[in-house]
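The values are calculated or read from the model by the stated rules, or taken from the named source; none is laboratory data. Because the structure is predicted, anything quoted here is derived from the model rather than measured. Every residue, glycine among them, receives a Cβ derived from its backbone with ideal geometry; neighbour counts consider all protein chains shown.
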Amino acid sequence: MVTLLFAPAAFAQQTSDELYAEARTQAFDNKNYKEAIILAQKALEQTPDYPDLNIFLGRLYTWNGQTENACNTFDSVVKKYPNNVDAYLAYGSLEYWSKNYDKALQLTDKGLAINPKSEELLLLRARILSDSKKYPEANKSLKTLLEINPKNNDARTLSQKISMMSSKNAVGINYDYYHFDKRFDDDWHIAGVDYTRQGSFGTITGRVNYANKFAMDALQFEIESYPRISNTFYAFVNFGMSDDQGIFPEYKTGFSLFANLPKGFEAEGGFRMLSFSGEQTWTYTASVGKYYKNLWFNLRAYITPNSDSVGQSYQLTTRYYLGGPDDYLSLRLGTGINPDGQNNILLNGEAFSYKLKSNNIAAEYRTTINQTYVFYVKAGLENQKYAPDTKGNQISAGIGAIKRF
């Protein structure tokens, strides 16, 4: 009885700002939206013309599932404060979550007319258009957003998803050149063409590789897939074969399981297998990746057991994103031989007998043009121990293009 008698007095002793602060604590720290609504209403009794507090009450109604009250509150706010950008963001978000995409887009556009550089409104607009399957318009909003702030990871992630959903097909072509200062007299040339199909299952790619090595020609055929398992897990599956065992392995296979983890982390574990003349080489790999602002870091290890040794390879890759998921500068530092590289197809017993001693560096620049074309150039330098007391340098350069449709 005493508590009930003094509760109104306690509210009366608090200022509007104090009640607002307590309401935020109840909402964000305690997830007690009902109590937060009571506090916000009490604060508005003192300062009814407090726009931020009115918007906050509308958000509280939204989070508490009181959609009609939220709509009425936001309607009142946008009529009374037609130039309040935050009001259009909150109201537009409510309509988006309610799948009222047309109204959500109208509200978002009104807010952007006031502040065309609002990152939150541009991202909300892209999400509305993406869910409406208006992918080109969604990409335009994301492009504008990433020009304003290339560090916006939410925009880059959505851009990647839209690219996959809007372009069901892709064709690619690539060429790589390798020069050796000691190990081989002839330069190597590797080229490839591929076709990728995107579906609800994930992606599947067919690829044909051509190589000119040791002044001889050879072809390799590959099939590769990235199947989606759940929102958390996806996989990598690869199989390749060739009839020329002197240039390419007679067959190869690989598998990895990826997990998307909280706070921008990604983990992977899997294996690679190469077979030359019936002799199989198994490599086990694991990696961890992390997105931080407009940077991506990935640390990867390859472990290759052999009869008398264990080959070890480590790579650190960093990407600096300039815009969307296919707009970046990349730098890779490594030690040991990478079994995923087309230049390192000679991973037989001879290579492993020297424990894959190698130091390498590579850089790549990738860019998107008109949203459907991707171009990239890359270069690398590798210092590799190919005999007990002999090292040689390998210089590489490559170029490639992808067309999505």
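Side notes on the structure shown:
- Taking the criterion of being surrounded by 20 or more Cβ atoms within 10 Å (Cβ to Cβ), more than 21 Å from the chain's Cα centre (by Cα) and not acidic (Asp, Glu), the only residue of segment 368-382 that qualifies is Gly380.
- Subset of segment 246-283 that is over 21 Å from Phe221 (Cα atoms) and small (Gly, Ala, Ser) - its residue that is modelled with the lowest pLDDT: Gly264
- Residue within segment 396-405 that is modelled with pLDDT under 80, in the same structural domain as Ser277 (by TED's automatic domain parsing) and surrounded by fewer than 20 Cβ atoms within 10 Å (Cβ to Cβ) present: no
- Test: residue in segment 269-279 that is loosely packed, with under 15 Cβ neighbours inside 10 Å and either in contact (Cβ under 8 Å) with a residue 40 or more places away in the chain or part of a helix (DSSP H, G or I) (or both): yes
- Within segment 137-153, being surrounded by fewer than 17 Cβ atoms within 10 Å (Cβ to Cβ) and at pLDDT 85 or above holds for Glu137, Lys140, Glu147, Ile148, Asn149.
For every residue, the table says whether it meets (1) closer than 21 Å to Asp243 by Cβ; (2) touching a strand residue (DSSP E or B) at 6+ places or on another chain (Cβ under 9 Å).
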{"position": "Phe180", "(1), (2)": "no, yes"}
{"position": "Arg183", "(1), (2)": "no, yes"}
{"position": "Gly192", "(1), (2)": "yes, yes"}
{"position": "Gln198", "(1), (2)": "no, yes"}
{"position": "Phe201", "(1), (2)": "no, yes"}
{"position": "Ala215", "(1), (2)": "yes, no"}
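- Residues of segment 199-252 that are of a type in the set (Phe, Trp, Tyr), buried (at least 16 other Cβ atoms within 10 Å of the Cβ) and more than 27 Å from Glu279 (Cβ to Cβ): Tyr226, Tyr234.
- Just one of the listed residues (Gly323, Gly336) is within 23 Å of the chain's Cα centre (by Cα) and at pLDDT below 90, and it is Gly323.
- Condition check for Lys151: out of contact with any Lys or Arg (no Cβ under 6 Å at 6 or more places or on another chain), outside the structural domain of Asn393 (by TED's automatic domain parsing) and not hydrophobic (A, V, I, L, M, F, W, C): no
- Residue selected from segment 162-193 under the condition under 16 Å from Thr372 (Cβ atoms) and part of a strand (DSSP E or B), by the criterion farthest from the chain's Cα centre (by Cα): Ile173
- Within segment 212-245, considering residues that are of a type in the set (A, V, I, L, M) and more than 15 Å from Asp340 (Cα to Cα), the one modelled with the lowest pLDDT: Ala215
- Residue ID - modelled with the lowest pLDDT, chosen from residues in segment 284-313 that are assigned to a strand (DSSP E or B) and in contact with a Pro (Cβ under 9 Å, 6 or more places away or on another chain): Gly311
- Qualifying residue in segment 167-175 (condition: loosely packed, with under 13 Cβ neighbours inside 10 Å, closer than 21 Å to Tyr376 by Cα and either touching a His at 6+ places or on another chain (Cβ under 6 Å) or not hydrophobic (A, V, I, L, M, F, W, C) (or both)): yes
- Cross-chain or 6+ apart pairs with Cβ under 6 Å, segment 17-46 first and assigned by TED's automatic domain parsing to the domain that holds Asn64, then surrounded by fewer than 20 Cβ atoms within 10 Å (Cβ to Cβ) and not in a helix (DSSP H, G or I): Gln26/Asn32; Tyr33/Asn64
- Residue in segment 111-121 that is of a type in the set (Asp, Glu) and surrounded by 14 or more Cβ atoms within 10 Å (Cβ to Cβ) present: yes
- Which numbered condition Tyr365 misses (of (1) at pLDDT 80 or above; (2) buried (at least 19 other Cβ atoms within 10 Å of the Cβ)): (2)
- Residue among Tyr321, Tyr302 that alone is touching a residue at least 24 places away in the same chain (Cβ under 8 Å) and within 14 Å of Glu268 (Cβ to Cβ): Tyr302
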